[in-house]
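Beneath this line is the structure, given in structure tokens, with notes to follow.
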């Protein structure tokens, strides 16, 4: 019971920092190393650490399996949606230049939305794979 | 390059050790060493991805799979001479093929034909200083769309293979 | 002098890359345990990352993030390709491990020889 308490208190301190770091890496990917993939993996790892300490039931109350399964294609849909929006505003598929009033701002908006889509899909996939591995149980 | 020698030593460990739990931990160590080597080679984005993906998620998935199967490898049933011979011949051919590369670190090699062009165009056209992100999301955006679809497919396939409708019962085969 | 040092480092680099590739190949061919084969395959993939990124470095350059005061940057194109390759590698590893878990439940073992024996008699 004593060893358990140390783990619980430490992870309670670390988990919010990990999630904050994931969001930082995601949005700061334009100015330093980072971007959608790294941030998605770190966010998935945050929830996996929570599961390791508090059990599968606790994390499934926070993020149910149905929500995770719906989020996996949602990110890919955001990405493709940006591509189609590029077509609708008068360019080719995935052309970001016309998304805002000025081509440079259009590119920035396009990259931002695309990285957001990648983040959602990667973190949801990592979490879903972990849910299935952990929920299988040994016979 | 001390890091590369450590990498080679870890690899020998992965080949020889038979307890699979130890092999999973050694693979995590290998991932961290590879991330350090990548930082020395000036590839910071790739190093961050390799560290978080290889040492983080990779080790978690391997340990999860080991929990669901058994954790010791059986002793090899065939003699290792033929695979060693095949590996040796492949290694010799690869060394001969790779030795034709230009010397390390020179800037006038054919591999640098398209790169500096992107570095110069990136801030002017997209306003993003990180050239890797701008190439990934804007100049080569199609490849990243394909990659997202690949991750989505892998997630769905794992769900199809391993998900159970209820806790007891075998599910459909 | 820097050419001699560059030449020596290049050769060491290449030998280690080929050694990693060959040991990954050896694990895939020679070992019968399926999880070990998957680990050997991922070892092979990481050696290919090294093969791609090492020629992209320029001695005296800096990582490809545009900042004031630097003129020579490393080549960003291999970085982009290898970023994609790493993520696809982990996706295939997850799928391979899921298949191995199913095989274990269907046959009761993950050693290749025992599965072949069971298939040829059953």
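The values are calculated or read from the model by the stated rules, or taken from the named source; none is laboratory data. These figures come from a predicted structure and were not determined experimentally. Cβ atoms come from the backbone with ideal geometry, glycine included; neighbour counts cover every protein chain shown.
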So is residue B:92 over 30 Å from residue C:115 (Cα atoms) and at pLDDT 80 or above or not? yes
Condition first: under 17 Å from the mean Cα position of the chain (by Cα), facing chain B (nearest Cβ under 9 Å), without any contact (Cβ under 8 Å) to a residue 60 or more places away in the chain and surrounded by 16 or more Cβ atoms within 10 Å (Cβ to Cβ). Can you find one or more residues in segment A:50-60 that meet it? no
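Please verify whether residue A:73 is under 18 Å from residue B:149 (Cα atoms) and within 20 Å of the chain's Cα centre (by Cα), treating the condition exactly as stated.
yes
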Of all residues being within 7 Å of another protein chain (Cβ to nearest Cβ) and part of a loop (DSSP other than H, G, I, E, B) in segment C:46-66, which is surrounded by the most Cβ atoms within 10 Å (Cβ to Cβ)? Just the residue, please. C:64
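Looking at residue C:69, is it at pLDDT below 90, more than 8 Å from chain B (Cβ to nearest Cβ) and out of contact with any helix residue (DSSP H, G or I) (no Cβ under 6 Å at 6 or more places or on another chain)?
In short, yes.
Hey, among the residues in segment A:63-72 that are touching a residue at least 12 places away in the same chain (Cβ under 8 Å) and part of a helix (DSSP H, G or I), which one's surrounded by the most Cβ atoms within 10 Å (Cβ to Cβ)? Don't jump to the end; show me each part of the working.
First, the residues of segment A:63-72 that are touching a residue at least 12 places away in the same chain (Cβ under 8 Å): A:63, A:65, A:68-69, A:71-72.
Those left that are additionally part of a helix (DSSP H, G or I): A:65, A:68-69, A:71-72.
Numbers: A:65: 15, A:68: 22, A:69: 16, A:71: 18, A:72: 25.
Per the criteria, the residue is A:72.
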Collect the residues in segment B:110-139 that are farther than 20 Å from residue A:113 by Cβ and not in a helix (DSSP H, G or I), keeping them in residue-number order. B:113, B:114
Consider segment B:68-82. How many of its residues are at pLDDT 80 or above and at the interface with another protein chain (Cβ under 7 Å from one of its Cβ atoms)? 2
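Just for segment B:1-32: of the residues that are in contact with a strand residue (DSSP E or B) (Cβ under 8 Å, 6 or more places away or on another chain) and facing chain C (nearest Cβ under 10 Å), which one is surrounded by the most Cβ atoms within 10 Å (Cβ to Cβ)? Outline the logic, then answer.
Filtering segment B:1-32 down to residues in contact with a strand residue (DSSP E or B) (Cβ under 8 Å, 6 or more places away or on another chain) leaves B:18-20.
Still in the list and also facing chain C (nearest Cβ under 10 Å): B:18, B:20.
Details: B:18: 15, B:20: 22.
Among those residues, the one meeting the criterion is B:20.
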Does at least one position in segment A:23-39 carry a residue that is in contact (Cβ under 8 Å) with a residue 12 or more places away in the chain, in a helix (DSSP H, G or I) and closer than 23 Å to residue B:67 by Cβ? no
Counting only residues that are surrounded by fewer than 16 Cβ atoms within 10 Å (Cβ to Cβ), at negative phi and out of contact with any helix residue (DSSP H, G or I) (no Cβ under 7 Å at 6 or more places or on another chain), segment C:106-122 contains a total of 9
Residues of segment C:20-37 being buried (at least 20 other Cβ atoms within 10 Å of the Cβ), at the interface with chain B (Cβ under 7 Å from one of its Cβ atoms) and without any contact (Cβ under 8 Å) to a residue 40 or more places away in the chain, which ones? C:20, C:21, C:22, C:23, C:25, C:26, C:27, C:30, C:31, C:36
Go through segment A:88-126 and give me each residue that's facing chain B (nearest Cβ under 9 Å) and within 28 Å of residue B:67 (Cβ to Cβ). A:121, A:122, A:124, A:125, A:126
Scope segment C:100-111; condition assigned to a helix (DSSP H, G or I) and either farther than 17 Å from residue C:39 by Cβ or facing chain B (nearest Cβ under 7 Å) (or both); matching residues: C:100, C:101, C:102, C:104, C:105, C:106, C:107
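Answer yes or no as to whether residue C:87 is more than 9 Å from chain B (Cβ to nearest Cβ), within 23 Å of residue B:57 (Cα to Cα), assigned to a helix (DSSP H, G or I) and modelled with pLDDT of 80 or more. Give the derivation first.
Values: more than 9 Å from chain B (Cβ to nearest Cβ): no; within 23 Å of residue B:57 (Cα to Cα): yes; assigned to a helix (DSSP H, G or I): yes; modelled with pLDDT of 80 or more: yes.
So residue C:87 fails the test.
Do we find that residue C:40 is more than 20 Å from residue B:136 (Cβ to Cβ), touching a residue at least 12 places away in the same chain (Cβ under 8 Å) and more than 7 Å from chain B (Cβ to nearest Cβ) in this structure?
Numbers: more than 20 Å from residue B:136 (Cβ to Cβ): yes; touching a residue at least 12 places away in the same chain (Cβ under 8 Å): yes; more than 7 Å from chain B (Cβ to nearest Cβ): yes.
Yes.
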Of the conditions (1) facing chain B (nearest Cβ under 7 Å); (2) in contact with a helix residue (DSSP H, G or I) (Cβ under 6 Å, 6 or more places away or on another chain); (3) touching a residue at least 60 places away in the same chain (Cβ under 8 Å), residue C:93 satisfies every one except a single condition; which number is it? (3)
